[in-house]
Amino acid sequence: MKDTSYRVALGGIVSALCLVTMFLAGVMPALYLLLPMIAGVLLMIIAIEVNKGWAFLTYLSVSLLSLFVTFDKEAALIFILFFGHYPILRMNIQKIKAGFLRRGIKFILFNACTLIYVWSTVWLLGMDEMMKDMDDLGKYGGYIMLGLANLVFVLYDVNLDFAYNLYRSRLMPKFRKKK
């Protein structure tokens, strides 16, 4: 069942769903964080069904196409820098037995991606408004925003566990019914 045509078909379907989700981020700007998260969860299906290498190829294709298809380049950048690759990498990180080390790696990865995102939006894309918005919170505005972002990350990580378990227990058995 995991021959090349199956991989290509599943990759195409998931890529299309991810691109539609990313396109909707431009149509519904209030969901510019939630929709890249959903697109990342869709990539997790390929990692489960096929393998992580194929999931990364799909991630790369969706990342490149989302730069051209989506109106909201900020949502595309968020997907590329974190929400696209994290659900795939997370499957390897979850194999680490030591809980403290596992959580530490997750937070280091998230914060590194967040800092790269801030740097790229401010310096590469020239969105200086982002830094001005943080000034409204005082001299600790950046730290407050990073703290809130870490809280959102914890919620996302818990929901990834829920989505993974839901897929494995409820959806996967329906696709694998015996003939």
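The values are calculated or read from the model by the stated rules, or taken from the named source; none is laboratory data. Bear in mind the structure is a predicted one, so any value in this text is a computation, not a measurement. Cβ sites come from the backbone with ideal geometry, for glycine too, and all protein chains shown count toward neighbours.
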List the pairs whose first member sits in the stretch 136-151 and is under 15 Å from TYR117 (Cα atoms) and in a helix (DSSP H, G or I), whose second member is at pLDDT 75 or above and among the hydrophobic types (A, V, I, L, M, F, W, C), and whose Cβ atoms are under 9 Å apart, counting only residues at least 6 apart or on separate chains?
GLY142/VAL118; MET145/VAL118; LEU146/LEU115; LEU146/VAL118; ALA149/PHE110; ASN150/PHE107; ASN150/PHE110
Surrounded by fewer than 17 Cβ atoms within 10 Å (Cβ to Cβ), more than 20 Å from TYR117 (Cβ to Cβ) and more than 14 Å from the chain's Cα centre (by Cα): does that describe LEU57?
yes
Does LYS106 qualify as being out of contact with any Cys (no Cβ under 9 Å at 6 or more places or on another chain) and either among the β-branched types (Val, Ile, Thr) or not in a helix (DSSP H, G or I) (or both)?
no
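I'd like the full set of residues that are closer than 12 Å to TYR32 by Cα and surrounded by 15 or more Cβ atoms within 10 Å (Cβ to Cβ), limited to the stretch 65-105.
THR70, ASP72, LYS73, GLU74, ALA75, ALA76, LEU77, ILE78, PHE79, PHE83 - these are the residues of the stretch 65-105 that are closer than 12 Å to TYR32 by Cα and surrounded by 15 or more Cβ atoms within 10 Å (Cβ to Cβ).
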Would you check which residues across the stretch 57-81 are farther than 17 Å from PRO29 by Cα and either touching a residue at least 40 places away in the same chain (Cβ under 8 Å) or in contact with a His (Cβ under 7 Å, 6 or more places away or on another chain) (or both) and list them?
LEU57, THR58, TYR59, SER61, VAL62, LEU65
Name the helices (runs of 4 or more DSSP H) wholly within the stretch 7-99 that hold at least 2 residues that are of a type in the set (Phe, Trp, Tyr) and under 23 Å from ARG168 (Cβ atoms)?
52-69
Of ALA25, ALA47, which residue is modelled with pLDDT of 90 or more and either crowded, with 17+ Cβ neighbours inside 10 Å or under 13 Å from the mean Cα position of the chain (by Cα) (or both)?
ALA47
Please work out if ALA25 is under 25 Å from ILE105 (Cα atoms) and touching a Phe, Trp or Tyr at 6+ places or on another chain (Cβ under 9 Å).
no
